[in-house]
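Heads up: the structure comes next, in structure tokens.
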Amino acid sequence: MPRPSPKPVDPAEIVSLARAVLAADRFPVLATLDRDQPRARPVSPVRTDGFTVYVANLRRYHKTEEIARNPRVELCYVSDEHNQVRLTGVAEVVTDRAVLEAIWSENPLLRHYLGSLDDPELVIYRIAARRVRFMREWAMEYHEVPLPSGDVAGASA
């Protein structure tokens, strides 16, 4: 059986292709490390700014402890066409009140389930990409996605 031949990736389109995958996948998989055991679970980002992703969490969830021990994480997004984006970064707890209020106002499910932005169970993580890779279905090779200076971890928060 012949190997599928994916459409070539135009380097000029790589950023827009990767962002389209992020926009298409409502439940990317978040990978963390539980001591020496990798853990993966679907999450629902509450905001995405370029290649910076915000994920809501409850303190009682096990990933809170995992991220506190080792904040290095990876998000894997897959589109309906099976294109894939892997976003590698560090999860940081958001403390900026203006950012938290904006996320809260944009997310009716957060408001419905938690009732108050000041609920002590709520944790919002900011995952700023340190590396982003894109793969078209069946290509079997990743393409590095160049990160604009505003999207690189370590840039102004």
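The values are calculated or read from the model by the stated rules, or taken from the named source; none is laboratory data. This one's a predicted model, so the numbers in the text were calculated from it and none came from an experiment. Virtual Cβ from ideal backbone geometry, glycine too; neighbours counted across all protein chains shown.
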Subset of the stretch 85-117 (residues that are of a type outside the set (A, V, I, L, M) and without any contact (Cβ under 8 Å) to a residue 40 or more places away in the chain):
T95, R97, E101, W104, S105, P108, R111, H112, Y113, G115, S116
Within the stretch 115-131, residues surrounded by 18 or more Cβ atoms within 10 Å (Cβ to Cβ) and in contact with a Lys or Arg (Cβ under 7 Å, 6 or more places away or on another chain) come out as V123
Single unsatisfied condition, V90 versus (1) surrounded by 18 or more Cβ atoms within 10 Å (Cβ to Cβ); (2) more than 16 Å from R26 (Cβ to Cβ); (3) under 17 Å from the mean Cα position of the chain (by Cα); (4) of a type in the set (A, V, I, L, M, F, W, C)
(1)
Number of positions in the stretch 93-114 that are exposed (fewer than 13 other Cβ atoms within 10 Å of the Cβ) and farther than 14 Å from R47 by Cβ:
3
Could you please let me know if I14 is of a type outside the set (D, E, K, R), closer than 26 Å to S105 by Cβ and either part of a helix (DSSP H, G or I) or in contact with a helix residue (DSSP H, G or I) (Cβ under 8 Å, 6 or more places away or on another chain) (or both)?
no
Residue check: is L75 under 12 Å from L30 (Cα atoms) and of a type in the set (A, V, I, L, M)?
yes
If you check A12 against the conditions, is it surrounded by fewer than 18 Cβ atoms within 10 Å (Cβ to Cβ), of a type in the set (G, A, S) and modelled with pLDDT under 95?
yes
Please go through the stretch 91-143 and give me each residue that is under 20 Å from L75 (Cβ atoms), in a loop (DSSP other than H, G, I, E, B), charged (D, E, K, R) and at pLDDT 95 or above, ordered by number.
none
Condition (residue is farther than 27 Å from R133 by Cα and surrounded by 13 or more Cβ atoms within 10 Å (Cβ to Cβ)) applied to the stretch 40-58: is it met by at least one residue?
yes
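Could you please find all residues in the stretch 144-157 being in a loop (DSSP other than H, G, I, E, B) and either hydroxyl-bearing (S, T, Y) or at pLDDT 90 or above (or both)?
Scanning the stretch 144-157 gives V145, P146, L147, S156.
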Members of the stretch 45-85 found to be closer than 25 Å to L117 by Cα, in contact with a helix residue (DSSP H, G or I) (Cβ under 8 Å, 6 or more places away or on another chain) and part of a loop (DSSP other than H, G, I, E, B), listed by number
G50, F51
